[in-house]
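The values are calculated or read from the model by the stated rules, or taken from the named source; none is laboratory data. What you are looking at is a predicted structure, and each value in this text was computed from that prediction instead of being measured. Surface accessibility is based on the protein's heavy atoms, side chains included, excluding ligands, DNA and RNA. Shrake-Rupley method; radii C 1.70, N 1.55, O 1.52, S 1.80 Å.
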Amino acid sequence: MLNMHRPTITDMESESRKVTAGELSRFADLYKVSLEWLTGTETRNTKVKMAARKLGALKDRDLETAMRIIDSLWQRSPKS
Amino acid sequence: MDRWYKLGQSAAKAALKYRMGRGLSPDEPCDVFQTIADEKIDLQFVDIPSLEGMFLQEPETRRICVCALRPWGRQRYTAAHELGHCILGHGTQVDTVMDARGQQPILPDEEILAEAFARFLLMPPRAVTRVFGRRQQYDARSVFEASCWLGVGYGTLIRQMCSSLKLISGAEQERLLRFKRSDLCRSIAGIADLQNDLWPLDERWRGRRVHAQLGDVIQGVCAKNNNLLTAINSTVNQVDCVGTETADLVVGGSVTISSSLRSFIGFYDYRYMPE
């Protein structure tokens, strides 16, 4: 799906190879998350906070997972 | 009651209009997972036990999340419910597990609307009437087979037939709900202790697609020349591999079988990809 060899992925995982901007963008598309979320640079926006209010009935661990999913959506590029 | 009725009517109309808009005949089942994919909405199966489903909307993307830990019929129903939130313009919605104490919760309008939308998207009156054929005989086996064809749970179809479509009485509903799944599986496939889902396929399935999971049992197809299935006997097979393939129906014609890991976690786009 990524058109990358397995050793390339292994090198990225072990941090012996840097990830290019293009590769990062392909990862974001594959995992359907924003680039900001992938690089850990985003902050939660208002809509996420609004959704969070409705998540009160979730158990703590579930809430964490749900919030991660909601966060990852923010500013994702449009689907082609 | 009046509020529920009015909202239900309005959502039922919206669901039927939506089906028409998608070119889906009113007497055909709706493949809700594929419908969501065709709408270019991301569909994600998640491992969040206390969540039923959620619809997330941002300016540039839409996503439906469904809890993968529920039975398949409930997953499809939840997906249809969340699609209802999307089509009816409710914006981001989070649906947690229903109150299990048997109390009738005070639901906001959006929830009543999405529920009715899901019911009529998956079980419109003409499709339910058609599936029982001319005899309109509502025995447990026929209802079970119909529920598989429509892609909903056995109990869900019975409740729709009683409460919304008035095809059966309350007493008939109670009688049908008393049947045990194990008894039905034994009478259809001859398997008493079946832990996974059973798919009884007949002529109604020609040209359709089964969304199966590993370990499911499919009755009515030939396993010959099919890499996903292992024959238990001449017409009953077990799903043993992840992937998508066509299989020949015993009654003639073919069906597409897509099989995934059990309780698959991840995006629908990757659900049927072999490891």
Suppose we look only past 31 Å in the calculated P(r) of the protein assembly as shown. What percent of the Cα-Cα pairs does that tail hold? 39
Largest-first semi-axes in Å of the equivalent ellipsoid built from the Cα gyration tensor of region B:112-233 are 26, 17, 13
Taking the alpha-carbon set of region B:2-122, what are its Rg and Dmax in Å? 13.8, 40
Relative contact order (%) - region B:2-122, alpha-carbon pairs under 8 angstrom, separation at least six: 33
Which value, in Å³ per residue, describes the convex hull spanned by the Cα atoms of chain B? 137
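Report in % the part of the accessible area of the protein assembly as shown that belongs to carbon and sulfur, leaving out ligands and nucleic acids; probe 1.4 Å. Each step should come with its number before you reach the end.
Numbers: 9220 of 18010 Å².
Answer for the protein assembly as shown: carbon and sulfur cover 51 percent of the accessible area.
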Over chain B, with the other protein chains present, what is the accessible area per residue in square angstrom, probe 1.4 angstrom? 45
Looking at the P(r) of region A:1-42, how many percent of alpha-carbon pairs lie beyond 11 Å? 66
By its C-alpha gyration tensor, with a ≥ b ≥ c as the square roots of the eigenvalues, how is region B:107-162 shaped: rounded for a/c under 1.5, else prolate for a/b larger than b/c, else oblate? prolate
Unsatisfied cross-links (Cα-Cα over 28 Å) in the set A:Lys32/B:Lys224; A:Lys59/B:Lys17; B:Lys6/B:Lys40; B:Lys13/B:Lys166; B:Lys40/B:Lys166; B:Lys17/B:Lys166: A:Lys32/B:Lys224; A:Lys59/B:Lys17; B:Lys6/B:Lys40; B:Lys40/B:Lys166
Quick check: with the 1.4 Å probe, what order do B:Trp72, B:Trp205 take by accessible area, largest first? B:Trp72, B:Trp205
Distances over 14 Å make up what percent of all Cα-Cα pairs in region B:191-270? 57
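Using the heavy atoms of the protein chains and a 1.4 angstrom probe, tell me the accessible area per residue for region A:1-42 in square angstrom.
73
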